Structures are given as C-alpha cells and as structure tokens.
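**Student:** Here you go, one structure.
The values are calculated or read from the model by the stated rules, or taken from the named source; none is laboratory data. All values derive from a computational prediction rather than experimental measurement. Here Cβ is always computed from backbone atoms with ideal geometry, including for glycine, and neighbour counts include all displayed protein chains. The accessibility values were calculated without ligands, DNA or RNA, using every heavy atom of the protein model including side chains. Shrake-Rupley method; radii C 1.70, N 1.55, O 1.52, S 1.80 Å.
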Amino acid sequence: MKKTIFYPMIILGIIISFLFFLNPTKNENIRKYNFKSIYNTESVSSANRAIEYKNLLYKDVNTGKVEPSKLATAKDLVRQNMMMKSTNLSFVEEGPDNVGGRTRAIAIHPNNENIMFAGSVTGGLFKTVNGGQTWVRVQEFDDAMINSAIGTGSLSISSIAITNDSVLYVATGGNKYEGSVNNEGSGITSGDGIWYSMSIDNFNFLQVPSTNNKDILKVQSDMTADNTIYYVGSGVGLNKITNYTTTQNISGISNNSTIGDFKISEDGQVMILGIDFAGIRSWASQDGGQTWTDLHSNGQLQTFGMGRSEYAISKYKNSAGNYTLYCIFSTSGGGGVLGGVYRSIDNGVSWGQIAPGSTTNFTPLSTSRSSQGLYGLVITSRPDGEECIIGGIDLWSWIHTSSSSDAYNGQWYPISSWSVNPVVPIYIHADNHRLIWKNNNQLVVGNDGGVQIRTGSSGTSQFGAVLNKGYNITQFYSMAFGGNGSVI
C-alpha cells in the first residue's frame, strides 16, 4: 500500500518541477497574484463574473470573505468623514528633505553668521546654526500662529530681522507682491502683523501690539540701539518699535501709506523708502527720519509712476565718509519690466542712472527674460558699495569702474542662470526675492527654489550652492484623499 502511494507522489513532484523549470515566470505571477491578468475588462462580462469581481473587492483581507457587518461599519465611517467640515489630521512628513520653495525672508545673526533664519511665503519659519548646511523647523512659530487669540495667525513670512541684542522679529504678509489666496493668485495667506521672540534659542513668540491682521512687507533692525526695529507694509506707514511694544509712527511719512521697501544705514541716520501712491515715490532722510526729501520732486530720480521699487545701502562708508545707495524700479504695466537702476555716493542726496529701462541689450527684467518685476525684484549693495547686484529671474552685477572718477561709470555682468544644470557653478534658481550678505564675500539668496549662497569675488568669478537640507517649504498645488480620511 505504501509503495503504491509513494511512486505516484514522486512522479507528480517531477512533473510539477519540470513545468516550473519550463515557465518560472508564469508560476511566479500565480504566486504573487496579478490582479489585471485575472480580471481584465473582457473577463467581467457576465453576472456571475461581476459578482465574483465585487466579492474580490469587498472581501475581508483576514477571512477572505465578504463580512457585511464590517463593510457597513467601514461605509458609515467614510460617510461620517465626508460629512465633517473639519477634522483633526495628523500629518507625517514624507520628504524629500532637500527641495526648497519660495523664500522672501532671510536674516543672519549680527554676532554669529552661522545662525540664520529663513521664512517661506507659506511654509513657516526655519533656523540653521551651521551656516545653512542643515535647517530645522521652528515649531513654536507655527504653534503661536495656530493659537493666536488676537489675530488670525499666518504662516506667510514676508521679512525677518534680528536686533543687535538678539531679539527675533518675524513679519507676515506679502499680498502686494503675491496676490491673495482669496483670488487664487498665490498660495499666500493674509498677513497677521509682526511676531517676536526674546530668545533665538528658547522660542516664545508674541505678537507686537497693534499689528494684528496687518500685512507687513519689511522689517529692518536699527543696529545703533537695543531691541529697535522699523517696519512698513500695506496701509501702515513707517513705524518704529522699541522694546517689543512701543510703536511710533515716523513723522513726515503718512501713517496710512503703503510702503513696499525701507532700508536704514548702519549708523541709523540714512534712510530710504518707496511710497506707493499713484506710482512709486521715493523719499530719503539723512538725519534718522527727522526730515525727508522727495527724490522725484527734486529731480534726482526720473522714474515717478513706476509699479515697484527696491533699495540698498552699503554696509561701510566710502572714502568721502558717506554711504553708497542703490535703487531699482519696475514698471507698473506688463507684469513689471525694468524701469531703471540708480546710484548715489553721498547718502542719497544726489543720484545718477547706471541702467536705463529695459532695452534690447540689457535684459535683467526685460520682456524677453521675465516681465515680472512686480512679483520678483531685489537689489543689494556689496558691503563696500562698489558693486550692486539685482535680481529678477536671474542675477546681474554692476561693478563701478575703479579707475574712473565718474561715480556712475561701470559695467554690467550676468552672474547667474536659472536654466542650466544645478551642478553648473552659475546656477541660481529662478525668481529672486532676497539678497543678504553673510560676509564680504558670500551672498545668501532667497528665491523660489529656497536658499542658496553665492561665493566668490565680484562679477562672474563666483559659484553658487544650494542650502536646502531640511528646509522643507515646497509649495504644493494638489492633494489626494482616501475614503478612510487619509490625505497626501
């Protein structure tokens, strides 16, 4: 009896092994189960096959059978989730962890250049302590926005400033340049004023009084006094804050004016700003804001009626004991093309043009390159004032001809390209919004690709590096959700 059973079993095993050897792929598919190979569109053509197909979809993964009670519970849960107007979702970040996003705000600690803060237009606040090699999220800022009892809270960061005694100020807003989320012009949320933390290590964010729900565009530190900043924005004028809560409107500037940019010199005396009133009108002060001069009315700047302006002041004084200033304009039409670049070497009293409006041979912001100066426009002065760098889609450098006695004689150079491979030294991501000097030889750049750094001497002898490790602020344009409430 045992021999009779044994031999057929051996023969059956040989046949199975032989078939597997002849067609291992087919047997592999059977073992792994390929849904499409069993139930394709043509095979589900009868009532019985349709029922079988439905059972396959709804069967319990553990029992292998359709469990009506469990199925009813699952459907009810889906129905409840769909009816809920809001729910507590717990998100887990899945990466990538080195792809940045639109950045308009960067600040470097005045006493330690390895400590920097960066803010995204929608992604919150981040900090680095190693010069941008890695970033960590400042969760305390997010929590303060969520738990705001005064304002609405906002993760749209427009500007950051650190005072000389290490108080951190974070401004929110930016609708002037981004458009509001209400009309789907951008993912940006409405501004909710200025928030500060007395410590840059043990964060505790509080809102500057009287700034709630206001759209702030720039904050600038006064490095001559402890815990002192200036801020401007949409319909708020020019204001000075001392010791967190004292807000003082600066006389000579309308307290309900919209000001897009404001800069102040290292000694706190030279100031320049642009008021948006039927076109940009630039005002300058040489006495710490006590008196102001309209640079268009006195004929120094010929660009009244422009759509946007940005300004820069050198860190150091020149040989004549004055600061060097630069300003750039974009037109109000066509998205904003270049409206001219100007330079002053006497604290902003007199000015000369160093670049005309857009022409065929000068294209940093011309129609052939961007036509979006109302959205992306920035300018900075090299610390010594002998070079300015402007940004739209790409970066351009103007260098003063040192052998010339003419303060406005210089040469323009294209110093970056957004369209090249990122490993190429001149790669800088498109759409530049913030330029800030880390030291005399390193320029930190904030743009639509996150944070980068330009290292090297003036002109074209430079290279860029991306500093986005951990800076996870990529803007997302779509989402997906499952019936059980999961979201990605």
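Residue by residue, here is whether (1) without any contact (Cβ under 8 Å) to a residue 60 or more places away in the chain; (2) in contact with a Phe, Trp or Tyr (Cβ under 7 Å, 6 or more places away or on another chain); (3) in a loop (DSSP other than H, G, I, E, B) holds:
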site: Asp97; (1), (2), (3): no, no, yes
site: Gly100; (1), (2), (3): no, yes, yes
site: Ile108; (1), (2), (3): no, no, no
site: Asn114; (1), (2), (3): yes, no, no
site: Gly119; (1), (2), (3): yes, no, no
site: Lys127; (1), (2), (3): no, yes, no
site: Gly131; (1), (2), (3): no, no, yes
site: Phe141; (1), (2), (3): no, yes, no
site: Ala144; (1), (2), (3): no, yes, no
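**Student:** While we're here: Taking Asp406 and the conditions (1) at pLDDT 90 or above; (2) of a type outside the set (Lys, Arg); (3) surrounded by 17 or more Cβ atoms within 10 Å (Cβ to Cβ), which numbered condition does it fall short on, given that it satisfies the others?
**Tutor:** Result: Asp406 passes all but (3).
**Student:** Same structure again: Tell me which residues, restricted to region 149-201, are at pLDDT below 85 and either in a strand (DSSP E or B) or of a type in the set (A, V, I, L, M, F, W, C) (or both).
**Tutor:** Residues satisfying the conditions are Ala149, Ile150, Val181, Ile188.
**Student:** Find all pairs meeting these conditions: Cβ atoms under 9 angstrom apart; at least six residues apart or on different chains; first residue within region 57-75 and open to solvent by 100 Å² or more (accessible area, probe 1.4 Å) and of a type in the set (D, E, K, R); second residue assigned to a helix (DSSP H, G or I) and modelled with pLDDT under 80.
**Tutor:** Matching pairs, first to second residue: Lys65/Asn55.
**Student:** Condition check: more than 22 Å from the chain's Cα centre (by Cα) and either open to solvent by less than 40 Å² (accessible area, probe 1.4 Å) or among the polar types (S, T, N, Q) (or both). Does Gln411 satisfy that?
**Tutor:** yes
**Student:** Being out of contact with any Gly (no Cβ under 9 Å at 6 or more places or on another chain), at pLDDT 85 or above and open to solvent by 50 Å² or more (accessible area, probe 1.4 Å) is the requirement here; does Ser478 meet it?
**Tutor:** no
**Student:** Related question: Starting from residues that are over 17 Å from Leu273 (Cβ atoms) and in contact with a Ser or Thr (Cβ under 6 Å, 6 or more places away or on another chain), keep the ones in region 319-337 and report whichever is most open to solvent (accessible area, probe 1.4 Å).
**Tutor:** Across region 319-337, the extreme among qualifying residues is Gly334.
**Student:** Let me ask something additional. Given the criteria among the hydrophobic types (A, V, I, L, M, F, W, C) and touching a residue at least 40 places away in the same chain (Cβ under 8 Å), does Val337 qualify?
**Tutor:** no
**Student:** Can you name every one of the strands (runs of 3 or more DSSP E) wholly within region 231-316 that holds 1 or more residues which are open to solvent by 10 Å² or more (accessible area, probe 1.4 Å) and within 25 Å of Gly391 (Cα to Cα)? Steps first, please.
**Tutor:** Details: elements: 239-242, 246-249, 259-264, 271-276, 280-285, 308-313.
Because the criterion is at least 1 residues that are open to solvent by 10 Å² or more (accessible area, probe 1.4 Å) and within 25 Å of Gly391 (Cα to Cα), the strands (runs of 3 or more DSSP E) in region 231-316 that meet it are 259-264, 271-276, 280-285, 308-313.
**Student:** Another question about this same structure. Taking region 154-165, which residues are open to solvent by less than 30 Å² (accessible area, probe 1.4 Å) and either more than 18 Å from the chain's Cα centre (by Cα) or not small (Gly, Ala, Ser) (or both)?
**Tutor:** Of everything in region 154-165, those that are open to solvent by less than 30 Å² (accessible area, probe 1.4 Å) and either more than 18 Å from the chain's Cα centre (by Cα) or not small (Gly, Ala, Ser) (or both) turn out to be Ile157, Ile160, Ile162, Thr163.
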